[in-house]
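Data first, discussion second: the structure below is written as structure tokens.
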Amino acid sequence: MKFTPTELDGAFIIDLELREDARGWFARTYCAREFEAHGLPTHMVQTNMSLTRKKGTLRGMHYQHAPHGEDKLVRCVGGAIWDCIVDLRPQSPTYCRWIGVELSEANARALLVPKGFAHGFVTLSDDAAVTYQVSEFYTPASEGGARWDDPAFGIAWPVPVLDMSDKDRNWPAHVKEVQ
């Protein structure tokens, strides 16, 4: 795997090192030793998957409050998404800054989202399938979110947002601190 740090401390883009032959390719998508060597979380307790039917659908911006904050390893295994994270750690020099990364079946890229970040994505294709490995069990009482269009972030979504859940539409329009 190739680990590329982003401008947001602790967030990494992870590209695969493909071993190709006439049949196709093989690649390692996770290795605790390699993650540990880069100072990244190695303990993942749950793997989740979502399928989003229509292009332009937004999911986010989600996080879990401490002590149930979660690191996420996000990968699009079908179609394409534009994955976005926002640093909500008040002590961080990149507080309220965001990055967006295209994740797709074609590029097989993943994004490591550290604890204390809000996470969401907009689909760039119909039938976008996303997997998430997470370091903590989902705890409904610790769930939090921020508005996708919060002016404190100024996220420049690459496609028009055409649909989202009522829950995502109604997150508060101000920054909630996460730890």
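Along the range 88-101 the Karplus relation, 6.51 cos²θ - 1.76 cosθ + 1.60 evaluated at θ = phi - 60°, assigns HN-Hα couplings of 10, 8, x, 7, 7, x, 10, 3, 6, 8, 9, 9, x, 9 Hz to successive residues, with x for each Gly and Pro.
Inter-part distance, the range 13-44 to the range 87-111, computed on C-alpha centroids, equals 19 Å. Once backbone amide H atoms are built at 1.01 Å from N, residue 89 has 96 as its partners under 5 Å, excluding neighbours fewer than 5 places away on the same chain. If you plug the beta carbon distance of residue 161 and residue 27 into 1/(1 + (r/R0)^6) with R0 = 25 Å, you get a FRET efficiency near 0.20. Computed over the alpha-carbon atoms, the chain gives an Rg to Rh ratio of 0.95, Rh here being the Kirkwood radius from the mean inverse distance. Here is the list for the range 3-70: trypsin sites (Lys or Arg not before Pro) lying in DSSP coil, each with at most 15 other C-beta atoms within 10 angstrom of its C-beta, are 23, 28, 53, 54. Amide H to amide H distances under 5 Å link residue 71 with 115, 135, 136, where only residues 5 or more positions off or on other chains count and H is placed in the peptide plane. 3J(HN,Hα) couplings calculated from phi for the range 36-48 with the Karplus curve 6.51 cos²θ - 1.76 cosθ + 1.60 (θ = phi - 60°) are, in sequence order, 4, 4, 9, x, 9, x, 10, 9, 10, 10, 8, 10, 10 Hz; Gly and Pro show x.
Rounded to the nearest 20, the size of the Cβ-charge dipole of the chain about its Cα centre is 140 debye, with Lys and Arg at +1 and Asp and Glu at -1. Approximating the spin labels as points 7 Å out from Cα along Cα→Cβ, the residue 43-to-residue 65 distance works out to 2.3 nm.
Given +1 at the Cβ of Lys and Arg, -1 at the Cβ of Asp and Glu and no other charges, the dipole of the range 64-151 around its Cα centre is 300 debye to the nearest 20.
A 1.4 Å probe run over the chain, with the rest of the protein chains in place, finds 50 Å² accessible per residue.
Considering helices alone, the calculated mean residue ellipticity of the chain at 222 nm is -1000 deg cm²/dmol, with DSSP H runs of length four and up weighted by -39500 (n - 2.57) and normalised per residue.
The solvent-accessible area of residue 43, taken with every protein chain present and a 1.4 Å probe, is close to 120 Å². Just subtract the alpha-carbon distance of residue 18 and residue 106 from 0.36 nm times their residue separation and send over the number in nm, one decimal. Extra length available between residue 18 and residue 106 comes to 30.5 nm.
Loop sites by DSSP among the GluC sites (Glu not before Pro) of the chain, restricted to those with at most 11 other Cβ atoms within 10 angstrom, leave 18-179 as the longest stretch without any of them.
Which percent of the accessible heavy-atom area of the chain goes to carbon and sulfur, probe 1.4 angstrom?
Values: 4520 of 8990 Å².
The C+S portion of the solvent-accessible surface of the chain is 50 percent.
The values are calculated or read from the model by the stated rules, or taken from the named source; none is laboratory data. All values reported here derive from a predicted model rather than from experimental measurement. When we count neighbours, we look across all protein chains shown, and the Cβ atoms used for this are built from the backbone with ideal geometry, even at glycine. We work out accessible area using only protein heavy atoms, side chains counted, and drop any ligands, DNA or RNA first. Shrake-Rupley method; radii C 1.70, N 1.55, O 1.52, S 1.80 Å.
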